[in-house]
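The values are calculated or read from the model by the stated rules, or taken from the named source; none is laboratory data. Note that the structure is predicted; figures quoted are calculated from it, not measured. Quick reminder, even Gly has a Cβ in these numbers, built from the backbone with ideal geometry, and neighbours come from all protein chains shown.
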2 protein chains.
Amino acid sequence: MNDDRKRRSRGGREARRAVRQKVKLEQFPNIIRNVPITNVLSDEGLEIIEFNAEDILQEVGVDFKDDEEALQMWRDAGADVNGVRVRIPKGLAREIAKTAPPNFKQVARNPDRSVDIGGKNTVFAPVYGPPFVRDLDGGRRYATMKDFENFVKLAYLSPAMHHSGGTVCEPVDLPVNKRHFDMVYAHIKYSDKPFMGSVTAPERAQDTIEMAKILFGSDFLEKNTVLTSLINANSPMTWDGTMLGALKAYSRANQAVMTSPFILAGAMSPVTVAGTLTQTLAEALAGIAFSQLCRKGAPVIFGSFASSISMQSGSPTFGTPEPALVLFGCAQLARRLNVPFRSGGSLCGSKLPDAQAAYESANTLWPTIMSGVNFVLHAAGWLEGGLVSSYEKFVMDADQLAMMQTFLKGIDLSENGQAMAAIKEVGPGAHFLGCNHTQENFETAFYRSGIADNGTFEQWQAEGSRNTEIRSAETVKSLLSSYEQPPLDPAIDEELRDFINRRKKSFPDSNT
Amino acid sequence: MNDDRKRRSRGGREARRAVRQKVKLEQFPNIIRNVPITNVLSDEGLEIIEFNAEDILQEVGVDFKDDEEALQMWRDAGADVNGVRVRIPKGLAREIAKTAPPNFKQVARNPDRSVDIGGKNTVFAPVYGPPFVRDLDGGRRYATMKDFENFVKLAYLSPAMHHSGGTVCEPVDLPVNKRHFDMVYAHIKYSDKPFMGSVTAPERAQDTIEMAKILFGSDFLEKNTVLTSLINANSPMTWDGTMLGALKAYSRANQAVMTSPFILAGAMSPVTVAGTLTQTLAEALAGIAFSQLCRKGAPVIFGSFASSISMQSGSPTFGTPEPALVLFGCAQLARRLNVPFRSGGSLCGSKLPDAQAAYESANTLWPTIMSGVNFVLHAAGWLEGGLVSSYEKFVMDADQLAMMQTFLKGIDLSENGQAMAAIKEVGPGAHFLGCNHTQENFETAFYRSGIADNGTFEQWQAEGSRNTEIRSAETVKSLLSSYEQPPLDPAIDEELRDFINRRKKSFPDSNT
């Protein structure tokens, strides 16, 4: 196998060279942040939250369900275990979490697409999890594997999308216990950006790791992180056996997990921001520490998904002020833990990619950007509270992400940026359109949206009075028809397909 | 007249008491900011911009056109005047500007609606200037006085709108040289929030002041600011006679002006953020200093309207990253000048209140909020690059403003906010819906949007699959039908109408 790997590895490198030479795809580099992070909580406020979270861990505890091994690991680490309840003495979880790296690189099969997660970096990844898709022509319908592939392609084609994501939609046309093979394969085949692994069962996590080994080589995986996967808590304060099993598989293989309390405040946490922060920190501390019990130094991300519910109907709401404050506060708590932070995105509750969707998405994305989130899941395509992956919204959001990346570059204070010669050349009452400085900076001067219509009313009317959704539907079609697959070493491709076929044949289909 | 005034004044107070007793209108108090301001430029960066702006003022200069008196005032102040060009020695404008107050109160006829402008305060005011209106039923059409009154009413009915604004749309059914009477009267009659004065000719500014004197009394005006008016520069670096005439009238009457460079970067300023900041500062410094030459201590706001143009078509663009950076930078420059700052709003280029409109508006409003803008003109209703006042977008934006006001309250760290009892009561694996803490905080827990649809897909479908624009049109109708006029002392009303009739008869109609 090692010899095989070497041969294929060379093929892989050649293929990668070919990609770089052939595809003229626009792709932004990773984000370089020159805009300061905004903190909403004082150190005193943060200390209150941290004190309270430790109190919760010690006095109330966290349930680790359906995983005897996990309970034993906690006993060995010094926690008080009673049934599935793990009470963690004050300071212990934070102490154990200290071996988690402050940042790490997730390697992509195209090394130019590898991402740094942590520190001042921000990585954008697509929507995760919806069972439905929506587009203008087909309306709202159950997602299929074809849709999954399309969203992987759209992410690949989006310059400010740094990551291919994971379950960009649920391909419900495939059996539940086997669709992970097709999903992971689609990320590998149709994109060369980094991707996420399956977490719906420990053996599916293991399958993902095996496929990553075929792609990168076993030795490479031992020393490098090539997968980042989503481990959700069952809030309040419960980690279940499925997620723990996936977490153990990934952490022990030195692959990254984001341990994410998924909270609709008011139902799964208190109705206050500070209470939600406290509970999120307690849950995240337990998850992060557990990853370090699995393997010291394994990369782990402090995750937080927090929204609120309508106190009238119980429906989840998005883009409201309280989750924005949770987001800012959580980012500060994660920085004090010195681990990367995942949250935010372009969340909304709207049924359509209309004004509500856009306001709510921006109301999540701006706090995401200003609070310095490191890994932004759901950065594009999220609709209807996460039930729907929207084609049109994906390209709208991707346009917004590119603007955010431009914004984060900050203000250019070079001599060219200062533009004193231009002001002196033009003088009062004239215009800058023809001056030398404008001509020289014409190409790169301002961000150009591919979605916004900035023409005159008359021109817009003559073109059919199309709203943003209709124009975006055209963008989707044009992008997908322009898609070209990034070359993949045929030997690797064959080995991946062999592995998938063999595994698929080894157990019967099931929808659980 | 003094006796008359006293009688009416008592009537006014009684009327105001009646308002407070009768109307159960929801109105938020002024914003209390507990979220820190974000700065994007370092002190070193700011010093570069300031140095450059002083260099521009001294070496290039600013044109003060069609106003011999202004030129003489500058000569007397020590500037180098050549034709209409005023070259201001380095440091002089900043020195003269020192008498401008760091903050001031604009008094409303309902004292509960008075606003503090400057410092940590943020005041929201409606869209200003569009010749067109749009609503779902009537489409896009020229604005009329009826529309003007409707927008004043909508602003009055919006809890997070602190100000009635000025030209909420241009009533083009009235003669240009007389419509200011009707506009100012509409603000006084249909709202009790503070408002803006006419600036389209010096005598129209004077008419506004006379009407304010009828409303508040001459003596009161001498010591209090009851008008804040918009004085735009003709960028680059030109102040014209019309605006200077209005500025002189207001400043000499101790009424506030916002001297605002109106810049589409790339056409009216360099294509860079730093260059646009430099030019904006130079223009604003000249305007602010000139207000202080008119009257030391007169309230004046550092205004900035900055967007960019499409380098392909020359069309203005909104919600892009570069104007956001200008906004952050300008806010810092204004704070260093120690004067209030006006900028931002809910700007967009979209023709419809759709996703583009919402993304772009949020992309302006978030920087507005995070940079600490003191006076936010165009906070609601702006559509199509400012050509259109949109009824539906007004109520959508007003909902966003209410969310921003909630956001700015920051995180409640009281015992109730910390919610430790709730977390301990509920424990792992349960839910918070029925716990005591949730019941106690039910009413005030989370912001409730009147525009967003958060129900299930099925419910939304059953209700007609209405998008945000359609739902907002219903909100507009329901608000306008619920409107009740805040009582106005009949004696003041009569005197205002007498004044208007007398003035209107004293000169012929004209459309210039």
* Residue list for segment A:216-231, restricted to those being out of contact with any helix residue (DSSP H, G or I) (no Cβ under 6 Å at 6 or more places or on another chain) and either within 14 Å of chain B (Cβ to nearest Cβ) or buried (at least 24 other Cβ atoms within 10 Å of the Cβ) (or both) -> A:T228, A:L230
* To do: Restricting attention to segment B:482-512, report how many residues are outside any loop (DSSP other than H, G, I, E, B) and of a type outside the set (A, V, I, L, M, F, W, C).
  => 12
* Say whether the condition of being more than 20 Å from B:T368 (Cα to Cα), more than 13 Å from every other protein chain (Cβ to nearest Cβ), over 16 Å from the mean Cα position of the chain (by Cα) and in a loop (DSSP other than H, G, I, E, B) is met by at least one residue in segment A:328-338. => yes
* To do: State whether one or more residues within segment B:233-248 are buried (at least 24 other Cβ atoms within 10 Å of the Cβ) and touching a Leu at 6+ places or on another chain (Cβ under 7 Å).
  => no
* Structure fact -> Output for Cβ contacts, cut-off 7 Å, separation at least six or different chains, first residue more than 24 Å from A:D192 (Cα to Cα) and at the interface with another protein chain (Cβ under 8 Å from one of its Cβ atoms) in segment A:27-45, second of a type in the set (S, T, N, Q) and in a loop (DSSP other than H, G, I, E, B), reads A:P36/B:T38; A:P36/B:N39; A:T38/A:S371; A:T38/B:T38
* Hey, B:E425 outside any loop (DSSP other than H, G, I, E, B), over 17 Å from A:S313 (Cβ atoms) and touching a Cys at 6+ places or on another chain (Cβ under 9 Å) or not -> yes
* Asked: Given the conditions (1) closer than 15 Å to B:F442 by Cα; (2) surrounded by fewer than 24 Cβ atoms within 10 Å (Cβ to Cβ); (3) out of contact with any Ser or Thr (no Cβ under 6 Å at 6 or more places or on another chain), and given that A:V273 satisfies all but one, which numbered condition is not satisfied?
  -> (2)
* Within segment A:368-385, which residues are at positive phi and touching a Cys at 6+ places or on another chain (Cβ under 9 Å)? -> A:G381, A:E384, A:G385
* In the set A:A362, A:A357, which member is touching a strand residue (DSSP E or B) at 6+ places or on another chain (Cβ under 7 Å), modelled with pLDDT of 95 or more and in a helix (DSSP H, G or I)? -> A:A357
* So, of the residues in segment A:455-493 that are within 10 Å of chain B (Cβ to nearest Cβ) and out of contact with any helix residue (DSSP H, G or I) (no Cβ under 8 Å at 6 or more places or on another chain), which turns out to be surrounded by the most Cβ atoms within 10 Å (Cβ to Cβ)? -> A:R471
* To do: Restricting attention to segment A:202-226, report how many residues are in contact with a Lys or Arg (Cβ under 9 Å, 6 or more places away or on another chain) and more than 22 Å from A:R179 (Cβ to Cβ).
  => 8
* Does A:D453 satisfy being of a type in the set (D, E, K, R) and more than 20 Å from B:K351 (Cα to Cα)? -> no
* Structure fact -> For segment A:365-384, the count of residues that are under 14 Å from the mean Cα position of the chain (by Cα), closer than 19 Å to A:A452 by Cα and in a helix (DSSP H, G or I) equals 1
* Asked: When only residues in segment B:46-92 that are among the basic types (K, R) and within 12 Å of chain A (Cβ to nearest Cβ) count, which is farthest from A:I423 (Cα to Cα)?
  -> B:K65
* Structure fact -> Of the residues in segment A:383-440 that are among the hydroxyl-bearing types (S, T, Y) and without any contact (Cβ under 8 Å) to a residue 24 or more places away in the chain, the one that is surrounded by the most Cβ atoms within 10 Å (Cβ to Cβ) is A:T438
* Number of the condition not met by A:K213 [criteria: (1) free of Cβ contacts under 8 Å to residues at least 40 places away in the same chain; (2) part of a helix (DSSP H, G or I); (3) crowded, with 23+ Cβ neighbours inside 10 Å] -> (3)
* Structure fact -> By residue number, the members of segment A:453-481 that are in a helix (DSSP H, G or I) and either acidic (D, E) or at pLDDT below 95 (or both) are A:E458, A:E469, A:E474
